[in-house]
Amino acid sequence: MTNQVDQASVTATDIFTDRHTAYGFDGAPVSDAELARIYELAKFTPTAMNGQPLRVVFVRSEAGKQRLVPLLAEGNQAKSLSAPVVAILAADTEFHVNLPVTNPQMAGAKEWLDSDPDTRAVIAANNAWLQAGGFILAVRAAGLDAGPMTGFDNAGVDAEFFDGTALRSIMVVNIGHVADGGNFPRNPRLGFDQAVTLL
Ligand SMILES: Cc1cc2nc3c(=O)[nH]c(=O)nc-3n(C[C@H](O)[C@H](O)[C@H](O)COP(=O)(O)O)c2cc1C
């Protein structure tokens, strides 16, 4: 476990405004160093109890794609086939075994969650989702484009990639360099006045 800090300098505009959901990729490869940078940034997403339940499988090989793509919704398959890397994001429902190291101040947390698998599964899912948001922004911060998707057969992906483990898939993210025309136009976002209450 490390707290290595990435030195890449990116602006809020790069991450939130300029880069947006990618559906088609230009075929340029993604390096191991870029994949490492994505994780090294995403890992700082805050999580409850510093539990960090997110686990990632980067699918790059043809063999890996052949296992994954048939499990995607038909309308999503060409998107993943055009991406040099497809990340499978999963929640580790046994994340709590790391708590004595990742949160040494919280005495008894591991033992509490050992005895409460239902609560553990909820915390794992909620916080893996939170980390997934950080992961998407980390892809952009690493200078790449992301296409997050939930249109897939979760049970099928779990059986194919996570059989016999405590991991449960939550999302796939296509990663690469967006092709010309590989974004859809932005749809409207709710404005401050629609989404925010000032008290
Ligand atoms: C959790 C999640 C699930 C999504 N699932 C799909 C999907 O199954 N297929 C797809 O084409 N796009 C999917 N999208 C893409 C969204 O429609 C897209 O990110 C959103 O409309 C914002 O687009 P923008 O970044 O271009 O503004 C998903 C996005 C998220 C965050």
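Please give the net charge around Phe162, taking every other residue with its beta carbon less than 15 angstrom from that of Phe162, where Lys and Arg add +1 and Asp and Glu add -1.
-3
Quick one: which residues, 5 or more positions from Val85 or on another chain, have an amide H under 5 Å from its amide H? H modelled 1.01 Å from N in the peptide plane, none for Pro or chain starts.
Long-range HN contacts for Val85: Ile175.
Can you order the peptides 31-40, 18-27 by their average number of other Cβ atoms within 10 Å per residue, highest first?
The most tightly packed comes first, giving 18-27, 31-40.
Around Met171, which amide H atoms from residues at least 5 apart in sequence, or from another chain, sit under 5 Å from its own amide H, with H modelled in the peptide plane?
Those qualifying (amide H under 5 Å, at least 5 residues apart or on another chain) are Leu89.
Only Cα pairs under 8 Å and at least 6 apart count here; give the relative contact order of the stretch 22-178 as a rounded whole percent.
Computed value for the stretch 22-178: 38 percent relative contact order.
Residue by residue, what Karplus-based ³J(HN,Hα) values in Hz, rounded to whole numbers, does the stretch 25-34 have, using 6.51, -1.76 and 1.60 with θ = phi - 60° and x for Gly and Pro?
Ordered by residue, 3J(HN,Hα) equals 10, 8, x, 5, x, 10, 8, 4, 4, 5 Hz.
Go through 133-145, 111-123, 186-198 and give me the packing order, highest mean Cβ count within 10 Å leading.
Top to bottom by mean Cβ count within 10 Å: 133-145, 111-123, 186-198.
Computed over the Cα atoms, what is the radius of gyration of the chain divided by 2.2 N^0.38 Å, N being its residue count?
Rg over 2.2 N^0.38 Å, computed on Cα atoms: 1.08.
Starting from 0.36 nm per residue, how many nanometres of slack lie between Met106 and Leu190 once their C-alpha separation is accounted for?
Value of the extension gain: 26.4 nm.
Which net charge results when you count Lys and Arg as +1 and Asp and Glu as -1 among the other residues whose beta-carbon is under 12 Å from that of Thr21?
+3
Using a Gaussian network model on the chain with a 10 Å cutoff between Cα atoms, which of Gln77, Gln105, Gln131 fluctuates the most?
Of Gln77, Gln105, Gln131, the most mobile in the Gaussian network model is Gln105.
A short reminder: the numbers here are calculations on the coordinates, not readings from a lab. In this text, all values refer to a predicted model and were calculated from it rather than measured experimentally. Glycine gets a Cβ as well: all are built from the backbone with ideal geometry, and neighbour counts include every protein chain shown.
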